[in-house]
1. When residues of the range 123-144 are filtered for being open to solvent by less than 80 Å² (accessible area, probe 1.4 Å) and either modelled with pLDDT of 90 or more or aromatic (Phe, Trp, Tyr) (or both), how many remain?
2. Hey, among GLU48, GLU54, which residue is more than 30 Å from VAL93 (Cα to Cα), exposed (fewer than 10 other Cβ atoms within 10 Å of the Cβ) and among the acidic types (Asp, Glu)?
3. Quick test of your reading of the structure: TYR42 fulfils all but one of (1) hydroxyl-bearing (Ser, Thr, Tyr); (2) loosely packed, with under 14 Cβ neighbours inside 10 Å; (3) in a helix (DSSP H, G or I). Name the failing condition by number.
4. Looking at MET20, MET30, MET78, which is the one that is in contact with a Pro (Cβ under 7 Å, 6 or more places away or on another chain) and at pLDDT 90 or above?
Amino acid sequence: MNSSRTTSRILEDVKINVKMKLSGLWVALMFFYLYRDVLGFYAPGHLEALIAGEVAGIPITQVFLLGSAVLMAIPSLMVFLSLALKAKANRWVNIILGIVHIAILAGTSFVGEISPLYIFYVIVEFVLMALIVWHAWRWPAREA
């Protein structure tokens with residue numbers, strides 16, 4: 001083997017379409033919602049409170065369950081809609097729903113017990129939502 005000869009490889013850096021980035025961010029956000037909820041079951045007293053019909057002191061009612069379902073439906077639908085909508089509508093839907101989710105996160109961040117795990121998930125979810133808004137805001141314009 002010839003050790004005096006070195007070869008260097010230049011790796012290709014593929015440009016990812018903004019629609020793919022947004023869809024992937026919504027997927028990641030949805031997984032983080034689910035992981036946070038599932039890992040929350042391991043917190044002492046959490047399952048007992050659920051069985052008793054409350055979450056963080058809030059009664060589990062049909063309205064609460066419907067609100068939770070709508071909150072989870074948005075990222076689920078946005079995975080597809082970020083790929084399927086036309087650019088102008090796509091941009092504004094991602095900006096608006098990203099901001100709405102940031103507001104919901106801000107409003108619910110101080111409900112219940114605040115643990116280091118919870119703070120970690122809130123920070124990561126905020127970063128993912130901010131990236132959704134940022135990528136949608138900076139949507140590349142088409143050359144005329």
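1. Applying the first criterion (open to solvent by less than 80 Å² (accessible area, probe 1.4 Å)) to the range 123-144 yields 124-125, 127-133, 135-136, 139-140.
Adding the requirement that they be either modelled with pLDDT of 90 or more or aromatic (Phe, Trp, Tyr) (or both) leaves 124-125, 127-133, 135-136, 139.
The number of residues fulfilling the criteria is 12.
2. Values: GLU54 fails: exposed (fewer than 10 other Cβ atoms within 10 Å of the Cβ).
Criteria check complete, one pass: GLU48.
3. Here TYR42 meets the rest and fails (3).
4. Details: MET20 fails: in contact with a Pro (Cβ under 7 Å, 6 or more places away or on another chain); MET78 fails: in contact with a Pro (Cβ under 7 Å, 6 or more places away or on another chain).
From the options MET20, MET30, MET78, the qualifying one is MET30.
Rundown of residues vs (1) charged (D, E, K, R); (2) over 13 Å from the mean Cα position of the chain (by Cα), yes/no style:
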| site | (1), (2) |
| --- | --- |
| ILE58 | no, yes |
| VAL63 | no, yes |
| LEU71 | no, no |
| ALA87 | no, yes |
| ASN90 | no, yes |
| ILE99 | no, no |
| VAL127 | no, no |
| ARG138 | yes, yes |
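The values are calculated or read from the model by the stated rules, or taken from the named source; none is laboratory data. Here the structure is a predicted model, which is why all the values come from computation and not from measurement. Reconstructed Cβ throughout: ideal geometry from the backbone, glycine too, with neighbour counts over all protein chains shown. Quick note on the areas: whole protein, heavy atoms, side chains included, nothing else; ligands and nucleic acids left out. Shrake-Rupley method; radii C 1.70, N 1.55, O 1.52, S 1.80 Å.
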